[in-house]
Amino acid sequence: MAETINLPNLTPRPSSTEIDARSISTAPATDSRPVSSFTTDNEQQYNPVDVLPPVDGGRRAWLFLIGATSIEILVWGLPFSIGILHNYWTNTLFKGYGEGTITLAATLQTGLLYMIAGLFGPVITALPRWQKTMQVFGLVAASVSMIASAFATKPWHLVITIGCFYPLSGACYLPCATLLFEWFHGRRGMASGIMYAGTGVGGTIFPFVMSGLINGVGYKAAMISIGIGYLILGSIALIPIQRRIPLSRYDQSSSGAAGGVRRRQKIDWSFMKRHAMLMGTLTILMTSLGNFIPSLWLPSYADELHLSNPSGTALIALMNAASVPGNALLGYLSDRLPLYAVVVVSCVGSAASCAFLWGFGKHEAELVVFVIIFGGLGLSFSALWSKIISIISRDDPVAPALVFSMFTFVRGVGNISSGPVSDALLKISSLKGVTGGYGVHNYGVLLIYTAVTILSGGAAGLMLRGR
């Protein structure tokens, strides 16, 4: 027998037109508020009647993810292919001099990119309405830096253009990573994996684009073309990068005062005292000290062995290509397994591949296997950031952007350090002449350093608890 269910009497919600009419009819004849206190249709206001776009799906969420992934491809594609330009600058453009300065420019590009992205985090948090303006500024700065590098006649010119100006693109990138927390929740690991896979896509495409253009039209025309294309594609990708939760311009006082008070969101810094914050920071710092070394030195290593099939360019492209499914895989696993377990898999796998496959690899086959494993597990580590940040931030809506900014700054410190440290380690010849890659032109100590730092990051990651 069917059970009768009594529904409560629901009063239809008045339409927005009725609400406006009622407000007008009940308003006093003389309004003391200045005209500027009224909002216009062009201002993005929060209205409790409005319905927010759905989270974890829907047209706007997927368009945001497409745009954010495209920005990821552009901003990080060049830095993760910098080994190609580093090799060209060292062996062709400035052959025989300025090698240390060139290495500094290459590592500054990636390291400062992370650090500047981190510095823009608090700025965008304090001035959210300037977000799009800052993104456009970062995009233009990166485009100009590439065009300017085409006219470099001395190694220090690269430090200024590629090393210092290109990292301003961090202002373009950071909102893509932080607004992801608004658009995705249950599928955050998957969405992060897809977005961060853009780095691998860019790192796969850029080496062949750069090599093809340099060989076809020359270095100067190649960098100018890349800079112009970068600006055009980036401008299109920025269109769907929007907030899911609109900004509210004014808080009305509870006493009914006519004037509006600008809302200032208070920041709770208690997340800085959490154990997960310390362990997460230490994990990212240690892995960053080692994860960038293969991207920087593998092309030169391949040249030392006179490898041509595949060449250093192809190895870098293959390693970045492997990070595409690697990001998706690690993001997927982080949604389903304890975080510490996925961190350990990433760190142990990438460190072991460096120590054994690159360490004893002097032929194409071993190096191909190495770049596939390292790209899939090492370069993809950033796919785990969103889960680490979620554990630290908990339910605080402001903390994710700040934690992400701190993590990017720490990663930048590790990246910048890897340049001069690796340059110094390559001067130590204590393992020269031993078996495998350890005996090739002083690479032995560098390989040990890379594996140990990544393993140390995995050890810190063991202390990350939560899902």
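Worth pointing out:
- Shape class of region 186-238 from the Cα gyration tensor (axes a ≥ b ≥ c, square roots of the eigenvalues): oblate, since a/c reaches 1.5 or more and a/b does not exceed b/c.
- Computed from backbone phi with θ = phi - 60° and the Karplus coefficients 6.51, -1.76 and 1.60, the 3J(HN,Hα) list for region 108-115 is 4, 4, 6, x, 5, 4, 5, 5 Hz; x is used for glycine and proline.
- Separation of region 194-222 and region 117-165, taken as the distance between their Cα centroids, equals 19 angstrom.
- Residue exposure proxy: ILE232, ILE416, ILE389, ordered by other Cβ atoms within 10 angstrom of their Cβ from fewest to most, comes out as ILE232, ILE416, ILE389.
- Entries in LYS95/LYS432; LYS362/LYS432; LYS154/LYS427; LYS95/LYS427; LYS132/LYS154 that, when Cα-Cα distance is taken, lie over 26 Å: LYS132/LYS154
- Phi-based couplings in Hz for region 87-101 (Karplus 6.51, -1.76, 1.60; Gly and Pro marked x): 5, 5, 4, 6, 9, 10, 5, 10, 5, x, 7, x, 4, x, 5
- Residue separation of MET463 and PHE151 scaled by 0.36 nm, minus their Cα-Cα distance, works out to 107.4 nm of gained length.
- The ranking of SER300, SER145 from fewest to most other beta carbons within 10 Å of each one's beta carbon is SER300, SER145.
- Cα gyration tensor, region 60-123 - rounded (a/c under 1.5), prolate or oblate: oblate
- Here the residues TRP76, TRP358, TRP269, ranked from fewest to most Cβ neighbours within 10 Å of their Cβ, fall in the order TRP269, TRP76, TRP358.
Each value in this text was obtained by applying a stated rule to the coordinates, not by laboratory testing. Just so it is clear, the model here is predicted, and its values are computed rather than measured. Cβ sites come from the backbone with ideal geometry, for glycine too, and all protein chains shown count toward neighbours.
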